[in-house]
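S.K.: Attaching a single structure in structure tokens format; questions to follow.
Every number in this text was worked out from the coordinates using simple rules, so none of it is lab data. Since we're looking at a predicted model, the values are computed, not measured. Glycine also receives a Cβ, built like all others from the backbone with ideal geometry; neighbour counts cover every protein chain displayed.
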Amino acid sequence: MAVIGAGPAGFYTAYRVLSKLANAKVDMYESLPVPYGLVRFGVAPDHPEVKNCQDKFSEVAQDPRFTYIGNTPIGTSWPHPPHRSLPLAALGPHYDALLLSYGASKDRKLGIPGEDTLAGVYSARAFVGWYNGLPEYRCLRPSLHLAEEATVIGQGNVALDVARMLLSPVDDLRTTDITEYAIEELSRSRVKRVRVVGRRGLLQAAFTVKELRELLSLQGVGFHPVHASLLPKDPNSFPRTQKRIMQVLQKGPKTQLADPEKSWELCFLRSPKAFIPTANDPARIGAVEFEKNRLEDPMFSPSSKAIGTGETEVLPTDLAFRSIGYLSEQIPGFETLGIPFNEKRGLVPNEDGRVVKPLDPKTGDPAIPVPGVYASGWVKRGPTGVIASTMYDAFETGDRIVSDWTGREVDFMKFGGEEEKLGWEAVSNEAASRGMRPISWAQWMKIDGAEKERGARFGKEREKFTSEEEMLAVLE
Amino acid sequence: MFPRAVITSTTRLLLRQSHSHFLPRRTPAFPSPILPSSLTRPFSTTSLRKHGHTTPPKPGEELYVTFIDKSSNPHKFAVSAGENLLDIAQEHDLDMEGACGGSAACSTCHVIVVDDAMYERIPEPEDDENDMLDLAFGLTETSRLGCQVKMSKEIDGLVVKLPSMTRNLQSSDFSKKG
């Protein structure tokens, strides 16, 4: 089986398949030299315990039936020129099964004026990638030293992560695995106030109670309370999860300062309409224009929709972060292998992880499985969920692969060639002929060791290498 | 990926050899002094094992805990005081994950205490455990995180169920991270 993407979805699926099929062999392809995907580049640096799942992944990687193939992009063009990536079709003939677990590499856009043109407007994905050392965003250099007010658009946990990074005392972050360049910029930050803005209300917001509690526990950070009209009168009549969020909000921040140095707030019922330049620099953001919304009745139902009122409000801001979700893309070559893609939802249509050509509503043709192709993680279900949900969902796909294989009722990949598929043994020749430089698990362990050594100098778990060149230089 | 019929290691080696003429290996798969396992691909029947870190109870000091697995089969173990349910389950290869390593930062070791009275005898969950339970699938009134429940005399004879929630998850079951 070929796995595309070395994040938690790929690892947990590989783990499940290897645990249940003694003869399974798994080759895992990763476009970066380093593994773990969003566990390394997405999970906030002050959540080290969430990264403990890496221990399990490392254990999976030590299995002799598992091969890690880093620095080997499949079908992608950016930032690798075509001759430095493998076309998807190069894998097909050498595997029985293909697992798509490459996640969501884009983010949803607002589609409003100023989004792509004004300095100071960032995607949360880029900002998170920047502080976590994702090579793609190492040069983002967000101008925190020029900013006092920041606006985060979106109310998921990524939005709350961004707010927490902007408001946390820098000294609390120094000992995490955050990049040193991010520490430098964060210590120059003048950000005092962060607004986290959502289209709907508290009951419809996507963040979870842990992230809310953390923001309310920050030393020296005040919280502007949510207006009572936006909260239900009796939290006890709600299910446990919502009830606990309301209770945490009611309790308020740990720091009760009359005039706090920094503060944040949750702004509800606001849809962004435009980013507006600041008066003295037409190329830099100075404000966001919002349309005020109201909620469809019943307003305290999680599915209540926002209705625009036509009334607008302009809030000044020096920085804006778009945090309204991620999007998966298809890999060039899907069509050749007959793999469908749902552009609208940004995922690969599947049933329990088995990729299917979806039911055709016009002709009524039923869904047809694509032989041997499976999906896991955000490519499978869309960009939501914590590690636990990714794990369960990966196990579901793993179980599906195992039962398809042992049940012998469905076809696996058939692209001619080998009677018994040779996997990486065959594909490596193609990679070599393209002058690619695959990274093995042992080589990753060297990079890992070098990062930990660098980190020890700063008293932190690791100091990440943030460019592919630096990572590969360790192996010279 | 894997042979459909169980093939002995000898047969497999023969298969390898018979195929090797297709692709003479000119370049090593990984240009490095470290020989990757992929070149040899040894046949192996070892499955991945989980490891708990428990110490066996001293004679006369055994406490008992029963896990009811996803197929409703009970597994009863004699354990020492102070051991937590996640470690015990992993020590005995039960199907329980501890993605965060037992630090109450995920919900993968969710268990359901079968007896209400027994549930009351376990020290109350802290905020961080409750925060994670909020995200657990199939949450019940007597749900706990296995990593946070330590065996003691008070809860000797504890019976917990592993929730079976790996199938047919609705997207609404997921907390959004977006």
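S.K.: Arrange B:T142, B:T55 by Cβ neighbour counts within 10 Å, fewest through most, would you?
M.R.: Numbers: B:T142 17, B:T55 11.
Placing the least packed residue first, the sequence is B:T55, B:T142.
S.K.: Please list the radius of gyration and Dmax for the protein assembly as shown, considering alpha-carbon atoms only, with Å as the unit.
M.R.: Values for the protein assembly as shown (Cα only, Rg and Dmax): 25.7, 80 Å.
S.K.: Can I ask one more? Angle check, please: helix A:240-251 long axis (alpha carbons) against the longest principal axis of chain A (alpha carbons), in degrees 0 to 90, nearest 10.
M.R.: That helix lies at roughly 40 degrees to the long axis.
S.K.: Extension gain A:Q219-A:T363, at 0.36 nm per residue separation less the Cα-Cα distance, in nm?
M.R.: Details: separation 144, 0.36 × 144 = 51.84 nm, distance 6.07 nm.
Extending this stretch completely gives an extra 45.8 nm.
S.K.: Also, I was wondering about something else. Relative to the longest principal Cα axis of chain A, at what angle does helix A:8-20 sit, 0 to 90 degrees, rounded to 10?
M.R.: On a 0 to 90 degree scale, this one is about 40.
S.K.: Taking the simple approach of a point 7 Å from Cα along Cα-to-Cβ for both B:D156 and A:Q62, what is their distance in nm?
M.R.: 3.7
S.K.: Would you tell me the mean number of C-beta atoms belonging to other protein chains that fall within 10 Å of each C-beta in B:131-141, as a whole number? Write out the running numbers ahead of the final one.
M.R.: Numbers: counts 11, 5, 3, 10, 9, 2, 3, 0, 3, 0, 1.
So the per-residue partner count for this stretch is 4.
S.K.: List the cysteines of the protein assembly as shown that have no other Cys Cβ closer than 4.7 Å: which are they?
M.R.: A:C53, A:C139, A:C267, B:C109, B:C147
S.K.: Next question, about the same structure. Using a simple spin-label model with points 7 Å from Cα along the Cα→Cβ vector, what separation in nm is obtained for A:D259 and A:R408?
M.R.: Inter-label distance under the simple model: 8.1 nm.
S.K.: For the stretch A:89-180, take the alpha-carbon Rg, divide it by the Kirkwood Rh, and send me Rg/Rh. Please report the intermediate quantities before stating the final value.
M.R.: Working: Rg = 17.3 Å, Rh = 15.9 Å.
The Rg/Rh ratio comes out at 1.09.
S.K.: Using only the alpha carbons, work out the radius of gyration and Dmax of the stretch B:63-161 in angstrom.
M.R.: 12.1, 32
S.K.: Apply 1/(1 + (r/R0)^6) to the Cβ-Cβ distance of A:E420 and B:E141, taking R0 = 51 Å, and write down the FRET efficiency to the nearest 0.05.
M.R.: Values: r = 52 Å, r/R0 = 1.03.
Efficiency, rounded to the nearest 0.05: 0.45.
S.K.: Related question: Please report the relative contact order for chain A, taking Cα pairs under 8 Å with a sequence separation of at least 6, and give it as a percent rounded to a whole number.
M.R.: Values: 991 pairs, mean separation 108.9, N = 476.
Answer for chain A is 23 percent.
S.K.: How long is the gain from A:M445 to A:N236 if the chain were fully straight, where each residue apart is worth 0.36 nm and the alpha carbon distance is subtracted?
M.R.: Full-extension gain reported as 70.2 nm.
S.K.: Let me ask something else. With the cut-off at 28 Å, tell me which of the pairs A:K51/A:K106; A:K106/A:K273; A:K109/A:K446; A:K25/A:K446; A:K25/A:K464 have Cα atoms farther apart than that. Could you put the intermediate results ahead of the total?
M.R.: Values: A:K51/A:K106 22 Å; A:K106/A:K273 21 Å; A:K109/A:K446 38 Å; A:K25/A:K446 24 Å; A:K25/A:K464 30 Å.
Check vs 28 Å cut-off fails for A:K109/A:K446; A:K25/A:K464.
S.K.: Computed FRET efficiency, Cβ-Cβ of B:I68 and A:R174, R0 45 Å: what is it to the nearest 0.05?
M.R.: 0.45
S.K.: Take A:S101, A:S263, A:S467 and order them by how many other Cβ atoms sit within 10 Å, fewest up front.
M.R.: Working: A:S101 29, A:S263 19, A:S467 13.
So the residues, fewest neighbours to most, are A:S467, A:S263, A:S101.
S.K.: Which three semi-axes in whole Å describe the equivalent ellipsoid of the stretch A:106-326, each the square root of 5 times a Cα gyration tensor eigenvalue, listed largest first? Don't skip to the answer; put the middle values down first.
M.R.: Details: eigenvalues 147, 96, 50 Å².
Calculated on Cα positions only, the semi-axes equal 27, 22, 16 Å.
S.K.: Output the 0 to 90 degree angle, nearest 10, between the alpha-carbon long axis of helix A:387-407 and the longest principal axis computed from the alpha carbons of chain A.
M.R.: Helix A:387-407 sits at roughly 20 degrees to that axis.
S.K.: In cubic angstrom, how much convex hull volume per residue do the alpha carbon atoms of the stretch A:265-372 span? Mind dumping the intermediate values first?
M.R.: Details: hull volume 23.2 nm³, N = 108.
Expressed per residue, the convex hull around the Cα atoms of the stretch A:265-372 is 215 Å³.
S.K.: Find the relative contact order for the stretch A:336-386 and round it to a whole percent, using C-alpha pairs within less than 8 Å whose residues are 6+ positions apart.
M.R.: On the way: 73 pairs, mean separation 16.9, N = 51.
Reported relative contact order: 33 percent.
S.K.: Next up: From the C-alpha coordinates alone, can you work out the Kirkwood hydrodynamic radius of the stretch A:183-256, in Å? Could the numbers behind the result be given before it?
M.R.: Values: mean 1/r = 0.0719 Å⁻¹.
It is 13.9 Å.
S.K.: Next question. At 7 Å along Cα-to-Cβ for each site, give me the label-to-label distance between A:A126 and A:S143 in nm.
M.R.: Calculated label separation equals 1.3 nm.
S.K.: Quick check on the exposure proxy: order B:D93, B:D87, A:D161 from fewest to most C-beta atoms within 10 angstrom.
M.R.: Values: B:D93 13, B:D87 24, A:D161 27.
Neighbour counts put them in this order, fewest first: B:D93, B:D87, A:D161.
S.K.: Percent antiparallel among DSSP beta bridges with both residues in the stretch B:63-161, to the nearest 5? Each step should come with its number before you reach the end.
M.R.: Values: 12 of 16 bridges.
So the antiparallel bridges in the stretch B:63-161 amount to around 75 percent.
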